[in-house]
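See structure below.
The values are calculated or read from the model by the stated rules, or taken from the named source; none is laboratory data. Remember, it's a predicted structure, so these values are computed and weren't measured experimentally. Because the Cβ atoms are built from the backbone with ideal geometry, glycine has one as well, and the counts that use them run over all protein chains shown. Areas reflect the complete protein model, heavy atoms only, side chains present, ligands, DNA and RNA absent. Shrake-Rupley method; radii C 1.70, N 1.55, O 1.52, S 1.80 Å.
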Amino acid sequence: MHDPTLAPSPWVRRFASLLRPGGTVLDLACGSGRHVRWLAARGFAVTAVDCDVAALAGLQGIAAEVLAADLEAAPWPLPGRRFDAVLVTHYLWRPLFPALLGSLADGGVLVYETFADGQQAIGRPSRPEFLLRPGELLERAAGLRVVAYEDGFEAGPPPRFVQRIAAWRPDPAEASHPRFRLDGSVATGGPAGAAGALGAAT
């Protein structure tokens, strides 16, 4: 479970500026909702999904939608739904990738960050089904415009092996050459209106 008192991931904070202002966000396996709270406070309509009913209870009135779902043993809980962003942190269940990517609207942003191969040498999780293989997020994001990607070791605390990506689904209605600034802002010509989306993102 994510601790709601923890600060949002720096990776999420950095690339939230790619989102359309007031856009819809799917936070999958959100736990107690540290990112749900942060994004909702900045005007995004967040759909919070997790299997932990007790953790979700604290998000009523904060998230635009709260959904308890068994993501690993039940059908995909949001068939046909599309979002301006899909966010996943500290969670990996490979059979969900097609549904996750299918949930991205045109112009939508995938922000994904979780443990990677090597973590088994220093702590948990240690099972290979919960650890990304080298380069795996790049493979999974094939067809998206990769804005940023990292795969390596962080000294912490706590120390961890991590892999993360921010990737954009091209929108035919938008500029063909968006200027994604790597400082976490988007110049004119990026996703609609995103340049001023999060003036307080950092």
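General observations
- Taking amide H atoms as placed 1.01 Å from N in the peptide plane, the amide H of Gly23 lies under 5 Å from those of Ala45, each 5 or more residues away in sequence or on another chain.
- Summarising the amide proton neighbourhood of Gly108: residues at separation of 5 or more, or on other chains, whose placed amide H is nearer than 5 Å comprise Arg169.
- Pairwise centroid distance, computed over Cα atoms, of region 20-61 with region 114-186, Å: 21
- Bridge type composition, the chain - antiparallel percent by DSSP, nearest 5: 45
- The trypsin sites (Lys or Arg not before Pro) of region 81-161 that meet both conditions, a loop assignment by DSSP and at most 16 other Cβ atoms within 10 Å of the site Cβ, are Arg81, Arg82.
- Computed magnitude of the charge dipole of region 42-179 (debye, nearest 20; Cβ of K, R +1, Cβ of D, E -1): 140
- Average accessible surface area per residue within the chain, 1.4 Å rolling probe, Å²: 45
- Residue-wise HN-Hα couplings along region 158-165, as the Karplus relation 6.51 cos²θ - 1.76 cosθ + 1.60 with θ = phi - 60° gives them from phi, are x, x, 6, 9, 9, 10, 8, 8 Hz; Gly and Pro carry x.
- Applying 1/(1 + (r/R0)^6) with r as the Cβ-Cβ distance of Ala68 and Arg133 and R0 = 45 angstrom yields a FRET efficiency of 0.90.
- Accessible-area composition of region 67-159, carbon plus sulfur, in percent [1.4 Å probe]: 57
- Among Pro98, Pro178, Pro125, the residue with the largest mean-square fluctuation in a Gaussian network model of the chain, with springs joining Cα atoms closer than 10 Å, is Pro98.
- Fraction of C-alpha pairs exceeding 31 angstrom in the chain: 13 percent, rounded to a whole number.
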